[in-house]
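J.: The structure's right below; bear with me while I get my questions together.
The values are calculated or read from the model by the stated rules, or taken from the named source; none is laboratory data. The shown structure was predicted, so the numbers you read here are calculated from the model rather than taken from an experiment. Heads up, the Cβs are rebuilt from the backbone with ideal geometry, glycines too, and the neighbour counts pull from every protein chain shown.
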């Protein structure tokens, strides 16, 4: 689904603005706090925390900020208690959507998520109605300039499930626990990994080839992303690359 990958690229470009970067920092800090609260402060033994710290460092979150978030998570410093909730629903055109949040007020956040679905042409779904279409996977991106033959050999030997050509990058898919070993193997071979994260991958996709339909889908996904409590938004939209390029322009 190269269209989905291109949407991720657009999100990354948007995050370059100061306002978007501030929101990204806040979300990463919140994720670090929760990871430390649930699994302890040692990154060596807490895989979730380790992944969040790596993600924060890649986003240029200051080291002191990361350490303070860990201390708040473990109770060494005063912090807020967050609850993890996943909301399910459909965007316009029947596109399945998962919205992952960390909130200190379930009622407020639930009302806000429901309002976005309602106002932007989508609909909420019952728990489980959408989630079955997604699986938790590790995903890495490697620049398209890397040798396909070398990348395939290294990645698959290290335990990767798939290596896909997404036009601008190679996308490598792994089981969540295999993400770090595969990343280490790729980097050990002298190749560059531009992103590595555990995400939700859809088992089937809904093609979106019309520009207006794509705009509607992107608007609702962006509206969720703009909510301070929302950590991640996943969809099974297969957005046409030419349409995305037109919209981006």
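J.: Looking for something part of a strand (DSSP E or B), in the same structural domain as residue 92 (by TED's automatic domain parsing) and over 19 Å from residue 166 (Cα atoms) - is there at least one such residue anywhere in the range 203-212?
T.: For the range 203-212, residues part of a strand (DSSP E or B), in the same structural domain as residue 92 (by TED's automatic domain parsing) and over 19 Å from residue 166 (Cα atoms): absent.
J.: Here's something else I'd like to know. Would you confirm whether or not the range 200-219 contains a residue that is crowded, with 17+ Cβ neighbours inside 10 Å and without any contact (Cβ under 8 Å) to a residue 40 or more places away in the chain?
T.: Yes, the conditions are met somewhere in the range 200-219.
J.: Mind checking which residues of the range 166-198 are modelled with pLDDT of 90 or more and part of a strand (DSSP E or B)?
T.: Matches in the range 166-198: 170, 171, 172, 173, 174.
J.: Also: Mind counting the residues in the range 47-68 that are within 21 Å of residue 193 (Cβ to Cβ) and part of a loop (DSSP other than H, G, I, E, B)?
T.: Final tally of qualifying residues: 3.
J.: Still on this structure, I have one more. Determine whether residue 160 is without any contact (Cβ under 8 Å) to a residue 24 or more places away in the chain, touching a helix residue (DSSP H, G or I) at 6+ places or on another chain (Cβ under 8 Å) and crowded, with 19+ Cβ neighbours inside 10 Å.
T.: yes
J.: Considering only residues of the range 127-157 that are over 23 Å from residue 55 (Cβ atoms) and within 22 Å of the chain's Cα centre (by Cα), which is surrounded by the fewest Cβ atoms within 10 Å (Cβ to Cβ)?
T.: Only one residue fits best here, namely 128.
J.: Here is a follow-up. Condition (residue is on the phi > 0 side of the Ramachandran plot and assigned by TED's automatic domain parsing to the domain that holds residue 233) applied to the range 152-166: is it met by at least one residue?
T.: Checking the range 152-166: not a single residue is on the phi > 0 side of the Ramachandran plot and assigned by TED's automatic domain parsing to the domain that holds residue 233.
J.: So, of the residues in the range 70-122 that are part of a loop (DSSP other than H, G, I, E, B) and touching a strand residue (DSSP E or B) at 6+ places or on another chain (Cβ under 7 Å), which turns out to be nearest to residue 214 (Cα to Cα)?
T.: If we take residues in the range 70-122 being part of a loop (DSSP other than H, G, I, E, B) and touching a strand residue (DSSP E or B) at 6+ places or on another chain (Cβ under 7 Å), then 122 is nearest to residue 214 (Cα to Cα).
J.: Next question. Take the conditions closer than 28 Å to residue 50 by Cβ and touching a residue at least 60 places away in the same chain (Cβ under 8 Å) and apply them to residue 228. Does it pass?
T.: Spelling it out, residue 228 is indeed closer than 28 Å to residue 50 by Cβ and touching a residue at least 60 places away in the same chain (Cβ under 8 Å).
J.: In this structure, is residue 67 touching a residue at least 60 places away in the same chain (Cβ under 8 Å) and over 21 Å from residue 85 (Cα atoms)?
T.: Here the answer is no, as residue 67 does not meet what is asked.
J.: Do the conditions hold for residue 94, that is, is it at pLDDT 90 or above and surrounded by fewer than 19 Cβ atoms within 10 Å (Cβ to Cβ)?
T.: Yes: the conditions hold for residue 94.
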